[in-house]
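Student: If you scroll down you'll find the structure; I have some questions about it.
The values are calculated or read from the model by the stated rules, or taken from the named source; none is laboratory data. The structure presented is a predicted model; accordingly, all values stated were derived computationally and were not measured. Using ideal geometry, Cβ is built from the backbone for each residue, glycine included, and neighbour counts are taken over all protein chains shown. Accessible surface areas use protein heavy atoms only, side chains included; no ligands, DNA or RNA. Shrake-Rupley method; radii C 1.70, N 1.55, O 1.52, S 1.80 Å.
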Amino acid sequence: MKKNYKQIPMPVRYAINILLLIVFLVVVNGLIESKTISFSDSKIIMLIGINIILAVSLNIGTGYLGQLPLGHAGFMAVGAYASAILMRNIGASWLTIPIGMIFGGLVAALFGLIIGIPALRLKGDYLAIITLGFGEIIRVVLLNIDDVLGFKLTYGAASLKNIPKTTTFLNTFVVVIITCFVIHTMMKSRHGRAILSIRENEIAAESCGIKTTYYKTLGFVVSAFFAGVAGSLYAGYLGILSPGSFGFMKSIEILVMVVLGGMGSMIGSVASATVLTALPEMLRTFASYRIVAYSLLLIIVMIFKPSGLMGTYDFSLSHLLEKLLNSKRSIGKKSEKGGR
Amino acid sequence: MSGRDLRTPIIPERDKDKTPVLECVGLGIDFGGLTAVDDFNMTIGRTEIAGLIGPNGAGKTTVFNLLTKVYKPTRGEILLEGKNTANMNTIQVNKAGIARTFQNIRLFKELTVLDNVLIGLHNEMKYDLLSAVTRLPWYWKEEKIARRRALELLSIFCMEDLAEQKAGSLPYGAQRRLEIVRALATNPSLLLLDEPAAGMNPSETGELMENIRKIRDTFKIAVLLIEHDMSLVMGICEGIVVLNYGKIIAKGDPNEVRNDPVVIEAYLGKKGDIPC
């Protein structure tokens, strides 16, 4: 806004970000290939990637839309099973991964639409209860559908085995980057602003001519889509699926990541997903206290920083660079801040 | 005030031959057994500044809520530029040309001032979700135009320097002004202002009067405002409707209304020997 505030042009911003991401991907991938990072550590890194996708996608529902959906693991389960069944049938090739992920995402998005239309007519607690119920229904259906209908689809409690182990570090983090990019660009558009306006004040949003029902459903569906994508990565990561791993606690686990990081902050979700996945794995001996630690951590954060660690702050490398550039140029003068 | 006919429209001379922007015919709403507004007839000219006044609880905000379809009218019709709005909801009414502000400010508090206005400009932009996510050229183009337009609108109230601040952190008066800017951003033909001067000091009110006139003149739109500050109402309104217990008790230009014994009685009670 200020005249002598130096700005980095858009293409350069993109170039810097893309370059850094490629360096990150290549370096970490190289470290994994050369076994500098051990196999079990690389597994944890992949899990971090999957949890980042889950947290960032749930953030649409909780942080941006301001609702409290508690069935995220349900969407993840739908995506995981849908893509696992597909991947088992088409066999492993380089196409398996993208097809499986897109299919898993789309099926989850369809469920998001079916659940979202009735659920989003309700608010607050009621929405939470409906989505919670949905998550449990999914789990129970996956557990029993074979017995009831005589299929050989999910194999119920015996768990779905022999899924091609397609998930690698590289494809996980490429998907992480795509997810973050898509959600970021969506939120910086008129559609994203419409979603935010519903969180802020629904009546005012309607009086500004924003189709609130449409945008609520849209947010919900996009959130479900990426949960499904994460689910299919999870299927290819474990190679075996059982309904038990998509219970209510999984939904809560993801919610904790979002709340802890700061609702409405993408960098917050990414950071807390990383920490909360890595920490219990690093402290294996205390892993059984994870739930206790979760609750304690949540209570402490809620008391001292109710808006989450990052609040609604969103990190932007370009903004940071611009600030650095400008502070260097105006060292003698009173430093001018350009908004934010 | 002999022969006061509460059905005759009050339209300024210059707007006489054009379709009125708003016509209410026998508008009414009941909440259970309570009739909140009844037999409300009003016509607003293309570029008129009209006022809606009345004692507390008279039903003024209810009229606004009827016009914007927050409530569905029990009786009567609302014609917006000659078109019946019976089957429209709040969103469609806004698209058809009514924008409003709220008595208890409803801003998007956690968002920046600029974002608030950009949300008002939502329907002015046309790009779809896919081109937003892939950042196609027309995304940049439309965003740029919208941003420029938003700053232009903010400059009406000299608020362009506040663009990057959180709306919730603005002082009260600025929040009211921002709400007007946001409403204007939706490109209305009729602007409804619910107590725009509430909480403003006399000099701010004077400035607001100037600005409302300026908005009318530059955007060529009609303004209907609810206000308790009589200096503002008498100062800028060309036509005034007085509401009491949900019914229109007087109608006319400021002078007529000011001297109407029924109005004085409604505000001050009987035996109107106190100067108004």
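Listed here are the residues, each with its yes/no results for (1) aromatic (Phe, Trp, Tyr); (2) assigned to a helix (DSSP H, G or I); (3) more than 8 Å from chain A (Cβ to nearest Cβ).
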site: B:Ile119; (1), (2), (3): no, yes, no
site: B:Lys144; (1), (2), (3): no, yes, yes
site: B:Leu154; (1), (2), (3): no, yes, yes
site: B:Cys158; (1), (2), (3): no, no, yes
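Student: Looking at (1) out of contact with any His (no Cβ under 9 Å at 6 or more places or on another chain); (2) open to solvent by less than 30 Å² (accessible area, probe 1.4 Å), can you tell me which one B:Lys166 breaks?
Tutor: Looking at each condition in turn, B:Lys166 falls short on (2).
Student: How about the stretch A:113-127: which of its residues are exposed (fewer than 14 other Cβ atoms within 10 Å of the Cβ) and closer than 20 Å to A:Met249 by Cβ?
Tutor: Listed by number, the list holds a single entry, A:Asp125.
Student: Next question, about the same structure. Could you list, in sequence order, the residues of the stretch A:254-281 that are at pLDDT 90 or above, within 26 Å of A:Arg139 (Cβ to Cβ) and open to solvent by 10 Å² or more (accessible area, probe 1.4 Å)?
Tutor: A:Leu255
Student: Restricting attention to the stretch B:217-232, does a residue exist that is of a type in the set (Gly, Ala, Ser), within 23 Å of B:Gly45 (Cα to Cα) and open to solvent by 10 Å² or more (accessible area, probe 1.4 Å)? Before you say what the answer is, go through the steps one by one.
Tutor: First, pick out the residues of the stretch B:217-232 that are of a type in the set (Gly, Ala, Ser): B:222, B:231.
Next cut, within 23 Å of B:Gly45 (Cα to Cα) only: B:222, B:231.
Filter once more, keeping what is open to solvent by 10 Å² or more (accessible area, probe 1.4 Å): B:231.
Yes, the stretch B:217-232 has at least one match.
Student: Filter the stretch B:88-138 for residues that are over 29 Å from B:Glu227 (Cβ atoms) and open to solvent by less than 10 Å² (accessible area, probe 1.4 Å) and give the result.
Tutor: Listed by number, the residues that qualify are B:Met125, B:Tyr127, B:Ser131, B:Ala132.
Student: Looking for something over 18 Å from the mean Cα position of the chain (by Cα), open to solvent by less than 10 Å² (accessible area, probe 1.4 Å), over 24 Å from B:Asn94 (Cα atoms) and more than 8 Å from chain A (Cβ to nearest Cβ) - is there at least one such residue anywhere in the stretch B:184-203?
Tutor: Checked against the condition, which is being over 18 Å from the mean Cα position of the chain (by Cα), open to solvent by less than 10 Å² (accessible area, probe 1.4 Å), over 24 Å from B:Asn94 (Cα atoms) and more than 8 Å from chain A (Cβ to nearest Cβ), the stretch B:184-203 yields no hits at all.
Student: Kindly check whether there is at least one residue in the stretch A:323-333 that is open to solvent by 50 Å² or more (accessible area, probe 1.4 Å), within 14 Å of chain B (Cβ to nearest Cβ) and either modelled with pLDDT of 70 or more or assigned to a loop (DSSP other than H, G, I, E, B) (or both).
Tutor: Yes, the conditions are met somewhere in the stretch A:323-333.
Okay, residues lined up against (1) more than 8 Å from chain A (Cβ to nearest Cβ); (2) at pLDDT below 95:
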{"position": "B:Glu110", "(1), (2)": "no, yes"}
{"position": "B:Asn116", "(1), (2)": "yes, no"}
{"position": "B:Glu124", "(1), (2)": "yes, yes"}
{"position": "B:Tyr139", "(1), (2)": "no, yes"}
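Student: Would you confirm whether any residue within the stretch B:45-61 is within 10 Å of chain A (Cβ to nearest Cβ), out of contact with any Leu (no Cβ under 7 Å at 6 or more places or on another chain) and surrounded by fewer than 23 Cβ atoms within 10 Å (Cβ to Cβ)?
Tutor: No - not one qualifying residue is present in the stretch B:45-61.
Student: Restricting attention to the stretch A:23-57, report how many residues are over 21 Å from A:Thr166 (Cα atoms), open to solvent by 50 Å² or more (accessible area, probe 1.4 Å) and aliphatic (A, V, I, L, M).
Tutor: 1
Student: Something else: Return the residues of the stretch B:122-180 that are under 21 Å from the mean Cα position of the chain (by Cα) and of a type in the set (Asp, Glu); say none if nothing qualifies.
Tutor: B:Glu124, B:Glu152, B:Glu179
Student: Right, here's the next one. For the list (1) assigned to a helix (DSSP H, G or I); (2) more than 10 Å from chain B (Cβ to nearest Cβ), I need the number of the one condition that A:Phe151 fails.
Tutor: Evaluating A:Phe151 over (1) assigned to a helix (DSSP H, G or I); (2) more than 10 Å from chain B (Cβ to nearest Cβ) leaves (1) as the failure.
Student: Next up: Is it the case, given these coordinates, that A:Ile254 is touching a Phe, Trp or Tyr at 6+ places or on another chain (Cβ under 8 Å) and part of a helix (DSSP H, G or I)? Reasoning before the result, please.
Tutor: Working: touching a Phe, Trp or Tyr at 6+ places or on another chain (Cβ under 8 Å): no; part of a helix (DSSP H, G or I): yes.
For A:Ile254, the condition - touching a Phe, Trp or Tyr at 6+ places or on another chain (Cβ under 8 Å) and part of a helix (DSSP H, G or I) - is not met.
Student: Here's a follow-up. If you check B:Arg148 against the conditions, is it within 11 Å of chain A (Cβ to nearest Cβ) and either at pLDDT 90 or above or not in a strand (DSSP E or B) (or both)? Give the steps one after another, and end with the answer.
Tutor: Working: within 11 Å of chain A (Cβ to nearest Cβ): no; either at pLDDT 90 or above or not in a strand (DSSP E or B) (or both): yes.
No; evaluated as a whole, the condition is false for this residue.
Student: Between residues in the stretch B:251-262 that are in the same structural domain as B:Ile240 (by TED's automatic domain parsing) and residues that are open to solvent by 20 Å² or more (accessible area, probe 1.4 Å) and outside any loop (DSSP other than H, G, I, E, B), which pairs lie under 7 Å by C-beta distance while being six or more apart or on different chains?
Tutor: B:Pro254/B:Met234; B:Arg258/B:Met234; B:Val262/B:Ile249
Student: Which of (1) aliphatic (A, V, I, L, M); (2) more than 30 Å from B:Ala96 (Cβ to Cβ); (3) open to solvent by 10 Å² or more (accessible area, probe 1.4 Å); (4) modelled with pLDDT of 90 or more does A:Ala230 not meet, given it meets every other one?
Tutor: Of everything listed in (1) aliphatic (A, V, I, L, M); (2) more than 30 Å from B:Ala96 (Cβ to Cβ); (3) open to solvent by 10 Å² or more (accessible area, probe 1.4 Å); (4) modelled with pLDDT of 90 or more, A:Ala230 misses just condition (3).
Student: Since B:Ile212 meets every condition but one in (1) within 14 Å of another protein chain (Cβ to nearest Cβ); (2) open to solvent by less than 20 Å² (accessible area, probe 1.4 Å), which condition does it not meet?
Tutor: Failed condition: (1).
Student: Out of the helices (runs of 4 or more DSSP H) lying entirely within the stretch A:157-247, which hold 2 or more residues that are in contact (Cβ under 8 Å) with a residue 60 or more places away in the chain, more than 14 Å from every other protein chain (Cβ to nearest Cβ) and not basic (Lys, Arg)?
Tutor: So the answer is A:169-187, A:212-238.
Student: Determine, yes or no, whether B:Ile248 is at pLDDT below 90 and open to solvent by 10 Å² or more (accessible area, probe 1.4 Å). Don't jump to the end; show me each part of the working.
Tutor: Values: at pLDDT below 90: no; open to solvent by 10 Å² or more (accessible area, probe 1.4 Å): yes.
Judged against the criteria, B:Ile248 is not a match.
Student: Give the number of residues within the stretch B:73-87 that are open to solvent by 30 Å² or more (accessible area, probe 1.4 Å) and touching a residue at least 24 places away in the same chain (Cβ under 8 Å).
Tutor: 8
Student: Hey, can you tell me all the residues within the stretch A:217-239 that are over 19 Å from A:Phe103 (Cβ atoms) and out of contact with any helix residue (DSSP H, G or I) (no Cβ under 6 Å at 6 or more places or on another chain)?
Tutor: A:Leu218
Student: Name the single residue that is most open to solvent (accessible area, probe 1.4 Å) among those in the stretch A:128-138 being closer than 18 Å to A:Gly66 by Cβ and over 20 Å from the mean Cα position of the chain (by Cα).
Tutor: Of the residues in the stretch A:128-138, the ones closer than 18 Å to A:Gly66 by Cβ are A:128-132.
Then keep just the ones that are over 20 Å from the mean Cα position of the chain (by Cα); that gives A:129-130.
On the way: A:Ile129: 112, A:Ile130: 67 Å².
Within the stretch A:128-138, the match that is most open to solvent (accessible area, probe 1.4 Å) is A:Ile129.
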